[in-house]
Each structure stands twice: as C-alpha cells, then as structure tokens.
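Here is the structure we will look at, set down as structure tokens.
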Amino acid sequence: MSASEAPGGSLPAATVQAQAPDLGLPEEACLFTGPLDPCTLVIFGASGDLAGRKLLPALLSLFRQGALPTPFLVVGCARSEFTSDSFRAAMWEKLQAAGGADRAVWEDFAPRLHYLGFDYSSLASYVLLNNFLQELEREHPTQGNRIFYLAVPPSLYQEVALLLHQAGMAEQGVRGQGWARIVVEKPFGRDLASALELNRTLRQGFREEQIFRIDHYMAKETVQNVLIFRFANTIFEPLWHRHYIEQVGIIAAETLGVEQRASFYEETGVLRDMFQNHMLQLLALIAMEPPSLFESQRVRDEKAKVFRSLKPLEMPLPPGTVILGQYTAGEINGRRVPGYREEPGVSPDSLTPTFALLTAHLDNWRWQGVPFHLLSGKRLAQKLTRIVIQFREVPHSLFRNVHLGPIQPNRLVIGIHPEEAITLTFETKNPGALVCLRRVTMEFPYYQNYRGPILEAYEKSLLDVIQGDQMLFWRQDAVELAWQYLDPLIRACETCPDPARLLKFYPAGSWGPPEAAEVTGPWRG
Ligand code: BG6
C-alpha cells in the first residue's frame, strides 16, 4: 500500500489485549484511596446551570457507588425562593432532564440536601449560613468540615470569598473545628492582573491548600492516564523529545455552539474559555518532566516549569502562529444552525473568536523546535478531543526500491473523546508475495477488560476535594504563568486596529477556517 493510500481512519487495526489486573485486591481498592472525612458541601449558585447539570448528577452517582463519606450533607444557597423540599423537587426535575436518575437512589440521597435562600452581598446571609451549618453539624457529626463551592458567575467570586472570611468561615481548621475548602470554577480572572486580584481576595481568608481551582479536563480518565502512560512504562520516555517527536497536535473540537452562555462567551472567547486552562493543561502533561513522586505538589511543580518554559509569543504575531475564527451559519449533524453573530445575546458585529489554532513552543532542552499545535473551536464538524504525537520520519528509506514516496512517520494518538483509546500507527509488510508497506494501528481501548466503576470528571474532582487532594487542580503560580503567556496574544487580538483581518469566518459544521483545516487535517484521521 502506498503512503498516499493510507488514510488514518481506515487503517487495519491490531488490537492490544488489556490484561485484567490481578493484584489480589478488589478493583475498588485502587479507586477510592485515603480516608474520606465526613463533611458538608455548600453550593453557592445552587439553582444554576452548573449545579443542576454537573454537580448534582455527580454527587448522586458518587452516592450510588457508595463513594461519599458518612455523614455527607449538601446545602444549596441561591437567591431563588425555595424551601428545602421545593429545592429537592426542583433538583429531581433537573436530574431527570440531565439524563435520568434512579428514583430509589434519589429518595435515599434527597434528605441530605438542604436549602438556604441567600443574598451574596449581605454579611447577614453568611452569618445565617454559619448558624444553619452549626445546627446541622450538631445533628450530623460532620466534624465541622465544610466545602464551599462557587457555582456562581465569576463576578461574584471575590465578594463571596471575602464575606465567607468576614463571617469567620474560611478559618475552619485553624481554630480546630474541622477544615474548610473553597472550590473555584474557571475562568480564574480574565487576564493576569484580574487573576492576581482574585487570588489576593481569596487569600485574605483561605490558604493555598484550601483553594481548589477546578479544571474538569484534568479529571478525565484518559487525561489522568497520560502520566501513567508516560512514566509507568520504560519504552515511551526515551523517545519523548525533540530527537524523535516532530510535532504535537492537541485538539478539543466541539459541535456545540455557545448555547445559553452568550453573555459569558462574548466576554470570554475561545482563548480564555479553553486555552488558558484545558489546552495548556494537556500541553503540560505531554511536555512535563517526570516528578520524583506522584504527589500533588511535585506534579504541579513540573507543570509550572512547563508553563515557565513557554516561549513568549512574538509581537506582532508572525504569520501562522495563530489562526482565529468565528462560526457562521451552517449544518451540524444534518441540522441547520445559526452563525455566532445570530445567536441570542451575541452582538451582530461581535469579533469574539469561537475558534483558535495556536502554535506554541517550549524554550527548553527537551522540546526545542518542536511545535505544539493547539486547536479548539465551537460548531466544528465533530466532537473530537485528542492528543496526537507525530514522530519523525525514518532518516533514510532503504525501501525506496519497493516503496514510492516517503514512509509515513509513526503516530501515537491519545484519544479522549469520543474514542477513549491509545493508538499507535506504524508500518508493516503487506502480506503476500510482493514487498510493500502497509500502515497499521495498534489500539488500546481504555476500558477494555475493566469492569469496575467509572468516574466522570466532575465526580473525580468532587471526590478529590473531599479528600483534600489538589493534584488535579490549578495552583496559583501556574494560573499566573498561563495568563502571562496568553495575555499579550489576547490583548493583541482585542486591540488590533483591523480585527476583521485577524478573524476568519468558517461555516458551522466545518473544521474551521480553511488555513487551519489544512494544518490539522492529518490529525483528525
Ligand atoms: C468548558 C468550556 O470548560 O469546557 C465550554 O467552558 C466547553 O465552553 C467545555 O464546551 C468542553 O468540555 P468537554 O468536557 O465537553 O470537552
């Protein structure tokens, strides 16, 4: 088979058989490590989208798996007028809308759920909350352990954190009354200055060990697996650098548009929404050095070093460094969808990018000269999340007498969505009398031979907060380094005298602006 006849998608597959673990341990033994302290989870923004769509389903699923501590309570706080009973009824409806839930499990779980009407800007509300919690803690021995989850718009983060502190609730633990942790959703600021400001406020009451900056990408199974794949095997690491790797592609393509989040997205755009967090985390996992121990601080130290090595983007941007796009009307899965500017709540002349392809470089010994192409966009042809490690071509083709053209380089694909699988593509001899090359893929489907429970990203994140494990959460130094890298780019885009020149339009359902589709075509097969 000639190289040109070898489209990636239709390669013959040689399946790897995953061995069932035989450790003499129940599979669950590896899943829920460490003791789980009893605690109360306070969700600010409990009537909102995040709570209903992600947090409640995750909690219910953990509860069903017996993974939550005992006792475990949830207190929802929001402006909406609910009693605990009507809140439970509303949550049940949301759970059903989010894909159904087991009524019997819910009946068991629901009594753990409470509700308190809340005014985020009034200290009195926080004092009331503290009293409410103390009362619950007298009835249920949670040892005063509390998690405060900020599922509110980012504009409220500072106010809530400050008032929690003023009401004396950040200092749990210091006074020997159990621990307090605060969970903050991205975006952590909208640039370096605001991220510093947010952190200053958080730190008035909370210590860094109490702050959990969540990034659900880090908690995806196949993303967690990257470090195990790299550092629990000897055979990949010797190849894992510029001598053997030509380029790395990291794709997070979505078919979804902005949905109901136009006001958020107009302010954010793809660079703040996906790059400052998820995309750079994936890059860090691929590029980092091995930590001396699989432990939160050391893993995060190594990631911070990667961010520190990001080569600052040259200004003005050299051509091809970044391609920004915005979707126009098109078709997704056979359905007509409007363009970004026609979405409700979006300005008709919006210049917000919904797509970006950014080529990053790392200024360090291991990765000098290796491009990391990061691509993310909304309303693309397919929901596809993967990391593609493209190895170098063989230095010399001794098969040139039987094989026309170059030999395709090896490729390792870490599939995150829809395939959760690792595939390695390489050349073999095509069976038969003639000697010709055949490109094949060896595939490891991630869940092969695994029958234990599976944790969705929010489930894993919540469990880690309960356990106090910060490995899969952003540390402040990394947040700042990520902004330091992206700030000049975002500023250049937003202050460009001719922004229309920077922004390329692409029809919904395509692979982005044609210039980008050309670069990324080979990674999608
Ligand atoms: C979120 C972004 O962090 O990640 C969304 O704010 C995006 O805009 C989402 O849709 C993508 O997550 P996933 O897990 O579906 O790839």
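So which strands (runs of 3 or more DSSP E) are wholly in region 215-334 and hold at least 1 residues that are within 17 Å of the chain's Cα centre (by Cα), in the same structural domain as residue 387 (by TED's automatic domain parsing) and within 16 Å of the ligand (Cβ to nearest atom)?
The strands (runs of 3 or more DSSP E) meeting that bar are 245-253.
Within the set of pairs 6+ apart or on separate chains, which have a first residue in region 266-278 that is farther than 18 Å from residue 359 by Cβ and basic (Lys, Arg), a second that is assigned to a helix (DSSP H, G or I) and more than 9 Å from the ligand (Cβ to nearest atom), and C-beta atoms under 8 Å apart?
272/486; 272/490
Identify, please: which residue in region 32-79 is of a type in the set (Ser, Thr, Tyr) and over 19 Å from residue 101 (Cα atoms) and is, among those, modelled with the lowest pLDDT?
33
Is there a residue in region 515-525 that is closer than 20 Å to residue 338 by Cα, without any contact (Cβ under 8 Å) to a residue 40 or more places away in the chain, out of contact with any helix residue (DSSP H, G or I) (no Cβ under 6 Å at 6 or more places or on another chain) and not charged (D, E, K, R)?
No, every residue in region 515-525 fails to be closer than 20 Å to residue 338 by Cα, without any contact (Cβ under 8 Å) to a residue 40 or more places away in the chain, out of contact with any helix residue (DSSP H, G or I) (no Cβ under 6 Å at 6 or more places or on another chain) and not charged (D, E, K, R).
Within the set of pairs 6+ apart or on separate chains, which have a first residue in region 407-418 that is closer than 19 Å to residue 430 by Cα and away from the ligand (no atom under 16 Å from the Cβ), a second that is assigned to a strand (DSSP E or B) and open to solvent by 60 Å² or more (accessible area, probe 1.4 Å), and C-beta atoms under 8 Å apart?
Pairs found: 409/246.
Whether any residue in region 303-322 is more than 18 Å from residue 247 (Cβ to Cβ), open to solvent by less than 60 Å² (accessible area, probe 1.4 Å) and at pLDDT below 95 is what I want to check.
Yes; the residues of region 303-322 include at least one that is more than 18 Å from residue 247 (Cβ to Cβ), open to solvent by less than 60 Å² (accessible area, probe 1.4 Å) and at pLDDT below 95.
Taking region 335-382 as the search range and keeping residues that are within 18 Å of residue 523 (Cβ to Cβ) and β-branched (Val, Ile, Thr), which one is surrounded by the most Cβ atoms within 10 Å (Cβ to Cβ)?
Step by step, filter region 335-382, then rank; the result is 370.
Tell me, yes or no, whether region 392-404 has at least one residue that is among the small types (Gly, Ala, Ser) and out of contact with any His (no Cβ under 9 Å at 6 or more places or on another chain).
Within region 392-404, not a single residue is among the small types (Gly, Ala, Ser) and out of contact with any His (no Cβ under 9 Å at 6 or more places or on another chain).
The values are calculated or read from the model by the stated rules, or taken from the named source; none is laboratory data. What you see is a predicted model, and the numbers here were worked out from it, not measured in a lab. Here the Cβ is made from the backbone with ideal geometry for all residues, glycine too, and neighbour counts use every protein chain on show. Areas reflect the complete protein model, heavy atoms only, side chains present, ligands, DNA and RNA absent. Shrake-Rupley method; radii C 1.70, N 1.55, O 1.52, S 1.80 Å.
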